[in-house]
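To start, the structure under review is shown below, and the notes come after it.
The values are calculated or read from the model by the stated rules, or taken from the named source; none is laboratory data. Keep in mind that what you see is a predicted model, and the values were worked out from it rather than measured. As a convention, Cβ positions derive from the backbone with ideal geometry for all residues, glycine included, and neighbour counts pool all protein chains shown. These area figures cover heavy atoms from the full protein model, side chains too; ligands, DNA and RNA do not enter into them. Shrake-Rupley method; radii C 1.70, N 1.55, O 1.52, S 1.80 Å.
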Amino acid sequence: ALLLIFVLLLIGTMLKLQEEFDSKSDIAERYKELQIELYDDLQLEFTNDLGVWKAEIDSTLTFRFKEPDVLFDQGRSDLKESFKLILKDFFPRYINVLRGAKYMDHIEEIRVEGHTSIEGSIGMSEEQSYFYNMKLSQDRTRSVLRFALEQLDDEIFEWSKIRATANGLSSVKPIAQNETEQGRKQNRRVEFRIKTDAEAQIREMLRYAGN
């Protein structure tokens, strides 16, 4: 009798865990669909601007400005006027998409990322160049984020500032080879990345799967 009770309790626990896992799977699938919809809406909003701005949006919800000559002067962190004009147009519209009814409650972080090539000043060692570019990329992302947030109305500013972060990553995440000037130029870029709460839901699902 005790064994039968134990088996019934075990079966009940397993069924409950399966139901919870199925629920988490459904949530993860919905968030995947949400990210696809957000990607499509960003493409729709900016499709006519990407070529003009030398920018692109990829499936990870990364909005990449990839023309360094438009962004900053070499070794400087103050925005060029050409980039200010882009940000004035881009950022309010970008935030407007993220604040859409489908998305605004699911946006955890809006990351401004600054990336450099491996070059530093003349005579620097590889280590010195890394730290030089770390400071430069951090200074640049703070300049970008501050200017971008200044373009928003008060209510939208409040929603955006608690989610927006500035992240200088030096040369550690290249998207091209640093051995050529063309590759180094591609690596000198500014990116806007979106983190949704989908990641938390997926981690929770995997935790249940592991159990």
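Specify the residue that is nearest to Arg189 (Cα to Cα); the eligible residues are those in segment 151-167 that are of a type in the set (D, E, K, R) and assigned to a helix (DSSP H, G or I).
Lys161
For segment 93-150, which residues satisfy the criterion of being open to solvent by 20 Å² or more (accessible area, probe 1.4 Å), hydrophobic (A, V, I, L, M, F, W, C) and not in a helix (DSSP H, G or I)?
Ala101, Ile118, Ile122, Met124
Starting from residues that are touching a strand residue (DSSP E or B) at 6+ places or on another chain (Cβ under 9 Å) and open to solvent by less than 20 Å² (accessible area, probe 1.4 Å), keep the ones in segment 28-52 and report whichever is nearest to Met104 (Cα to Cα).
So the residue we want is Leu38.
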